[in-house]
Amino acid sequence: MTETEKLDDYILQHIDKESDYMHKLWRATQLHLLYGRMASGHLQGRLLKMLVGMIRPKLVLEIGTYSGYSGLCIAEGLEEGAHLHTVEINDEQEDFTLPWLKGSPWADRITMHIGDALEVVPKLGLMFDLAFVDGDKRRYVDYYEMVLAHLNKGGYILADNTLWDGHVLEESHDPQTLGIQAFNDWVAKDERVEKVILPLRDGLTIIRKK
């Protein structure tokens, strides 16, 4: 075990445990889905729940449902009456994910939409207090501008994977790396928001609309 792995293990031993339901979902994600690492996991899941508890949003948007792990962690932190709208572009993902959402203790707090978030969200006609962006990295700037237009003043955007395993430091021709780099540069220059990047897992940017 490397020093980094030892430190990661130490952290997980000293934070809140994930529920049995979330642990079962994590295991199922790793066993049955091709890119299991895409799920947020224990550490980021507990952070999402805590941030939701701190921000106390009434309406939350998630772009990129995947297996439902991050969405359920968000829903777990919601107050009574608050709601999460999560959007997944891959319709083949629905058969795996929807039963996990519906079978959870927080099912009444979640609505899952299948489709392109850039088309789905404007049609909802809603204004959100918090958005978690974890979709196609090539479209992060587009997601950002769309979300910002549907975010209340003082609302937050949490953008995942913004350090991209350190590839943001490299010259690259990879479209996803270029997408993340463009997003980071775009947000850094945007005076409409406050922003900070946390070096958690693969990078998490916290953005607040002024």
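Just so you know, all these numbers are worked out from the coordinates, no wet-lab data involved. Everything numeric in this text was worked out from a predicted model, so none of it was measured. Virtual Cβ from ideal backbone geometry, glycine too; neighbours counted across all protein chains shown.
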Exercise. For region 76-114, what are the residues that are of a type in the set (S, T, Y) and out of contact with any helix residue (DSSP H, G or I) (no Cβ under 8 Å at 6 or more places or on another chain)?
Worked result: T97, T111
Exercise. What number goes with the only condition from (1) of a type in the set (S, T, Y); (2) surrounded by fewer than 16 Cβ atoms within 10 Å (Cβ to Cβ); (3) under 23 Å from G203 (Cβ atoms) that Y21 does not pass?
Worked result: (3)
For this session: Select from region 116-139 the residues that are under 11 Å from V87 (Cβ atoms) and aromatic (F, W, Y) and list them in ascending order.
Result: F132
Exercise. Which one of the conditions (1) touching a Pro at 6+ places or on another chain (Cβ under 9 Å); (2) closer than 19 Å to L61 by Cβ does R138 fail to meet, given that it meets all the rest?
Worked result: (2)
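Conditions tested, residue by residue: (1) within 15 Å of the chain's Cα centre (by Cα); (2) β-branched (V, I, T); (3) on the phi < 0 side of the Ramachandran plot.
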position: T2; (1), (2), (3): no, yes, yes
position: E5; (1), (2), (3): no, no, yes
position: L12; (1), (2), (3): no, no, yes
position: H23; (1), (2), (3): no, no, yes
position: Y35; (1), (2), (3): no, no, yes
position: M38; (1), (2), (3): yes, no, yes
position: K58; (1), (2), (3): no, no, yes
position: L61; (1), (2), (3): yes, no, yes
